[in-house]
Amino acid sequence: MNQVLRSKSILSPFSFIASVTDRRLSCYALRHITAAQMLNANAALVTIQDFLGNKWITTTQRYCRISKRKVQRDYYTAEEGVIQRTAYYHFVH
């Protein structure tokens, strides 16, 4: 995917949300929404950090809110890995 990021393409969904909900969105709200959406779409935290222009990863962590669905997905992915490694260990030994 070699698309160039343009501010209009990034801001248009937020403009729509603001118009539908009659809410004013601050730049901080936009950062929180963007960071959370990127994280929940499996973007790496360092990618989000770079996208937001944060110097410290802890700043990026403050902007990210993880959804329960992502926690559940990550848990089951990790569980599958543990099961596969355990099965391999028992097969080898």
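Things to note:
- The C-alpha atoms of region 30-69 occupy a region whose extents along the principal axes are 28, 16, 16 Å, arranged from largest to smallest.
- In terms of other Cβ atoms within 10 Å, I57, I33, I48 run from fewest to most in the order I57, I33, I48.
Just so you know, all these numbers are worked out from the coordinates, no wet-lab data involved. Not measured: the values here are computed from a predicted model. Quick reminder, even Gly has a Cβ in these numbers, built from the backbone with ideal geometry, and neighbours come from all protein chains shown.
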